[in-house]
1. Between a residue in the stretch 194-221 that is under 17 Å from Lys63 (Cα atoms) and any residue that is among the hydroxyl-bearing types (Ser, Thr, Tyr) and open to solvent by 30 Å² or more (accessible area, probe 1.4 Å), which pairs come within a Cβ distance under 9 Å, given they are 6 or more apart or on different chains?
2. Give all pairs with beta carbons closer than 6 Å in which a residue from the stretch 152-178 that is under 14 Å from Arg140 (Cα atoms) meets a residue that is of a type outside the set (A, V, I, L, M); count only pairs at least 6 apart in sequence or on separate chains.
3. Can you find, within the stretch 8-25, the residue that is modelled with the highest pLDDT among those that are of a type in the set (A, V, I, L, M) and open to solvent by 70 Å² or more (accessible area, probe 1.4 Å)?
4. Given the criteria open to solvent by 30 Å² or more (accessible area, probe 1.4 Å) and within 14 Å of Val182 (Cα to Cα), does Leu143 qualify?
5. When you look at Met30, is it closer than 21 Å to Glu212 by Cα and touching a strand residue (DSSP E or B) at 6+ places or on another chain (Cβ under 8 Å), yes or no?
6. Regarding Arg103, is this residue surrounded by 12 or more Cβ atoms within 10 Å (Cβ to Cβ) and out of contact with any Leu (no Cβ under 8 Å at 6 or more places or on another chain)?
7. Among the residues of the stretch 26-39, which ones are open to solvent by 30 Å² or more (accessible area, probe 1.4 Å) and either of a type in the set (A, V, I, L, M) or closer than 14 Å to Pro4 by Cα (or both)?
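The values are calculated or read from the model by the stated rules, or taken from the named source; none is laboratory data. Remember, it's a predicted structure, so these values are computed and weren't measured experimentally. Please note: Cβ atoms are built from the backbone with ideal geometry, for glycine as well, and neighbour counts cover all protein chains shown. Calculation scope for accessible area: heavy atoms of the full protein, side chains included, ligands and nucleic acids excluded. Shrake-Rupley method; radii C 1.70, N 1.55, O 1.52, S 1.80 Å.
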Amino acid sequence: LRYPKGLRFRHTLIVGSTGAGKTSRLIRPMLAYTALEGRSAVIFDLKYPDTALLSMVQYAESKGLKVMVYLPYDPRSPRLPLLRGAEDPEIARALAEVIIPVREKAGVTTYYENIERELVFWLIHLEAKGKGSLGHIRYRCQLGAKSLRDYIKQNAEDAEKALGFFFTLSERDQASIVAGLVGKLGVFGDELLDRATSYGDNELDLRQIAREPTFFYLGIPHNKL
């Protein structure tokens with residue numbers, strides 16, 4: 001039985017015990033039909049390499065579709081610069097809100113979260129101009145508040161004016177906020193992930209998915225989740 005095309009592009013919850021056939025009887029056939037119809041697909045495989053989903057990318061390629069394979073924890077993977085476009089303040093702010101989400105209701109920590117988010121916004125905007133990375137921002141924060149202040153002053157025009165909300169804090173509060181950012185950016189302390197999310201050779205352009213039929217595969221080992 002073929003899964004109805006109209007349902008294939010809507011939200012679907014698939015429930016079944018291990019070995020029931022969730023992947024082999026439903027997900028893989030759905031991807032096969034998508035490839036046969038010449039449509040794009042985005043596959044998030046959170047058990048790489050212990051699933052059969054990667055073979056569907058090979059199948060799509062055999063049908064003439066473009067494929068992109070992104071393996072952030074594999075040194076051979078293409079890169080996907082997360083700060084691409086963050087020279088635009090709106091994009092930089094959107095990224096900052098992904099890292100430190102805005103809460104619907106204020107709490108006791110809201111004041112400091114707002115400062116953290118604003119600081120991350122400026123650091124992302126600054127790093128993007130120099131084609132940096134979130135891993136480099138974490139490294140700068142890891143060096144401590146004083147080192148971060150010096151780095152900002154050296155690389156940003158009118159830094160003290162733009163970042164007055166941070167520079168006027170006590171050294172203790174600055175140290176606390178910077179230490180908090182180290183934790184929030186902790187995942188980018190992994191050298192492989194930092195490499196895969198930085199600028200460099202062999203960069204992916206996700207806009208390709210909308211331009212022509214493309215299978216995009218993101219594989220993350222379960223122990224890295």
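1. Matching pairs, first to second residue: Ile209/Ser40; Glu212/Ser40; Pro213/Ser40; Thr214/Ser40; Phe215/Ser40; Phe215/Tyr59; Phe216/Ser40; Tyr217/Tyr48.
2. Ile177/Glu116; Val178/Cys141
3. Here is the first cut: in the stretch 8-25, the residues of a type in the set (A, V, I, L, M) are 13-15, 20.
Applying the additional criterion that residues be open to solvent by 70 Å² or more (accessible area, probe 1.4 Å) yields 13, 15.
Numbers: Leu13: 90, Val15: 93.
So, considering only residues that are of a type in the set (A, V, I, L, M) and open to solvent by 70 Å² or more (accessible area, probe 1.4 Å), the one modelled with the highest pLDDT is Val15.
4. Numbers: open to solvent by 30 Å² or more (accessible area, probe 1.4 Å): yes; within 14 Å of Val182 (Cα to Cα): yes.
Yes.
5. Details: closer than 21 Å to Glu212 by Cα: yes; touching a strand residue (DSSP E or B) at 6+ places or on another chain (Cβ under 8 Å): no.
Judged against the criteria, Met30 is not a match.
6. Numbers: surrounded by 12 or more Cβ atoms within 10 Å (Cβ to Cβ): no; out of contact with any Leu (no Cβ under 8 Å at 6 or more places or on another chain): yes.
Criteria not met by Arg103.
7. Going through the stretch 26-39, the residues open to solvent by 30 Å² or more (accessible area, probe 1.4 Å) turn out to be 26-30, 33, 36-39.
If the condition is that a residue be open to solvent by 30 Å² or more (accessible area, probe 1.4 Å) and either of a type in the set (A, V, I, L, M) or closer than 14 Å to Pro4 by Cα (or both), then Leu26, Ile27, Pro29, Met30, Tyr33, Leu36, Glu37 are the ones that fit.
Here's the yes/no breakdown for (1) closer than 25 Å to Arg28 by Cβ; (2) among the small types (Gly, Ala, Ser); (3) out of contact with any helix residue (DSSP H, G or I) (no Cβ under 9 Å at 6 or more places or on another chain); (4) open to solvent by 80 Å² or more (accessible area, probe 1.4 Å):
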{"position": "Leu46", "(1), (2), (3), (4)": "yes, no, no, no"}
{"position": "Thr51", "(1), (2), (3), (4)": "yes, no, no, no"}
{"position": "Met56", "(1), (2), (3), (4)": "yes, no, no, no"}
{"position": "Lys63", "(1), (2), (3), (4)": "yes, no, no, yes"}
{"position": "Leu71", "(1), (2), (3), (4)": "yes, no, no, no"}
{"position": "Asp74", "(1), (2), (3), (4)": "yes, no, no, no"}
{"position": "Ser77", "(1), (2), (3), (4)": "yes, yes, no, no"}
{"position": "Ala86", "(1), (2), (3), (4)": "no, yes, no, no"}
{"position": "Arg93", "(1), (2), (3), (4)": "no, no, no, yes"}
